[in-house]
Amino acid sequence: MTHQVLTLRLLSVLRPLPLRNDVAAERADAARNRARLLEAAARLVAERGAEHVTMQEVAEAAGVGKGTLFRRFGDRDGLLLALLGEAEAGFQEAYTCGPPPLGPGAPAKERLTAFGCALIERIAADADLGAALGREVLHERRHASDTGRAIHRHASTLLRETGVDADHDMLAHALLAFADFETADYLRHECEVPVARLQATWVDLVRRVTRADEGDASMTAGTRPTHDDLP
């Protein structure tokens, strides 16, 4: 993908910025500075890659002082997380209110299956903006961000809706660890595992997790499953 195309895609997700609730509550000058800084950061990330962009360069490109940049975003990770939040808005809309099976309207098990497969597909896509930005943020900051919490909350909610009798929050962490950047990138690049196999494994994980209660129910009823019955 050319730098020009990537720049346009980054800027396209930034256009709605003035309409965000948090920006609307800021003073007009602060909102303008925020939009200017994010636009400058988006251009530099598209041109050079996030790993090569410094805070000083972003401030200079935006025409504001470096102190303004740090006051607004805290540090480099904070700036990248702000860009990540904007880049992830479309995906979040798709899984919260888009068409099924990713969005509402399908059974929870099918939605969870589609959700993980979509995450893995995005991780493997070189042109995906959210994946490119997410890789540049420390693991702890990424998971603690609004984007990371929203992904975990969605997986946990779907697990609860399947009727699984478990600690849904912890089970969501366990499942999502398989679809994390670090795990998926290692398996793809070091172990040469194709994306289709990763997605098939996610489907299998969801199947096994959501069938656990069925096995418990059969044992409670006095029908102990045989080896052939086990998943």
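The values are calculated or read from the model by the stated rules, or taken from the named source; none is laboratory data. Given the structure is predicted, the values throughout are model-derived calculations rather than measurements. In this analysis, Cβ positions are derived from the backbone assuming ideal geometry, glycine residues included, and neighbour counts consider all displayed protein chains. Side chains are part of the model used for accessible areas, which takes the heavy atoms of the whole protein and leaves out ligands, DNA and RNA. Shrake-Rupley method; radii C 1.70, N 1.55, O 1.52, S 1.80 Å.
Values as computed for the structure displayed
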read-out	value
Accessible area of segment 22-123 divided out per residue, in Å², using a probe of 1.4 angstrom	45
Descending semi-axes in whole angstrom, ellipsoid equivalent of segment 70-139, from the Cα gyration tensor	27, 13, 9
Added length on full extension, which subtracts the Cα-Cα distance from 0.36 nm per residue, Glu51 to His139	30.2 nm
Calculated FRET value between Glu121 and Glu161, using beta carbons and R₀ = 22 Å, to 0.05	0.45
Efficiency of FRET between Arg71 and Arg211 - r from beta-carbon atoms, R0 41 angstrom, step 0.05	0.20
Net charge of Cβ neighbours under 13 Å - reference His139; Lys, Arg +1; Asp, Glu -1	-3
Spin-label pair Asp146/Ala94, simplified geometry with 7 Å Cα→Cβ offset, distance in nm	2.0
Theoretical gain in end-to-end length, Phe178 to Asp128 [0.36 nm per residue, Cα-Cα removed]	16.1 nm
Difference of contour (0.36 nm per residue) and Cα-Cα distance, Glu192 to Ala30	53.6 nm
